[in-house]
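Data first, discussion second: the structure below is written as structure tokens.
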Amino acid sequence: MMMAACKLNKKLDGLCDSKKLSEKKREELYEIIIKNSNYLILAFSSEQIDALGLSTCLKTGLKLIKKHFKTENNFLYDGNTNLGINGIKTQIKADASILQVSAASILAKVSKDRVMNFLAKDFPCYEFEKNKAYGTKAHKELIAKFGICKLHRKSFKLL
């Protein structure tokens with residue numbers, strides 16, 4: 001799981017929900033965002049999520065983000081709960097309408113996709129370069145055929 005936070009140094013054109021952008025456009029914007037922002041990208045492994053739980057990992061991520069951006073007072077999390085972290089506001093689908101959140105979603109998505117493309121070389125039967133480990137029908141069929149690997153979360157019902 002990837003989390004990202006971003007404070008843009010200036011308004012950037014073309015930012016929107018990362019899911020609505022092509023992979024090529026996300027890659028282009030990623031480089032622009034990196035050069036024009038203060039940002040933090042966090043990664044949590046499947047082992048961490050299985051051991052600690054998804055909520056704990058998310059909460060840890062939010063705390064690390066607040067610590068990294070310690071001079072900031074306004075934090076917006078794309079979701080419906082701040083997981084009990086004071087000073088964090090929430091907004092569902094914030095990545096579709098708030099530029100800073102859009103930028104963070106692009107950073108997280110591109111980072112995850114790059115990791116999955118790299119890991120696909122060691123686990124070719126799962127086609128991570130195509131499904132990016134999302135629970136697509138094709139990915140579920142591959143799990144049914146080959147079983148889970150060490151990258152899959154054991155605490156998440158995959159089939």
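Each value in this text was obtained by applying a stated rule to the coordinates, not by laboratory testing. For clarity, every value in this text was computed on a predicted model and none was experimentally measured. Please note: Cβ atoms are built from the backbone with ideal geometry, for glycine as well, and neighbour counts cover all protein chains shown.
Mind listing whichever residues of segment 60-75 are of a type in the set (Val, Ile, Thr) and farther than 16 Å from Leu42 by Cα? Result: Thr71, single match.
Of everything in segment 32-71 that is hydroxyl-bearing (Ser, Thr, Tyr) and touching a Phe, Trp or Tyr at 6+ places or on another chain (Cβ under 9 Å), the residue that is nearest to Arg153 (Cα to Cα) is Ser46.
Applying the selection to segment 71-125, what residues are of a type in the set (Ser, Thr, Tyr) and touching a residue at least 24 places away in the same chain (Cβ under 8 Å)? Selection gives Ser102, Ser105, Ser111. Counting the residues of segment 67-92 that are among the acidic types (Asp, Glu) and either more than 16 Å from the chain's Cα centre (by Cα) or over 17 Å from Ser105 (Cβ atoms) (or both) gives 1. Among the residues making up segment 1-57, those that are of a type in the set (Gly, Ala, Ser) and touching a strand residue (DSSP E or B) at 6+ places or on another chain (Cβ under 8 Å) are Ala4, Ala5, Ser37, Ala43.
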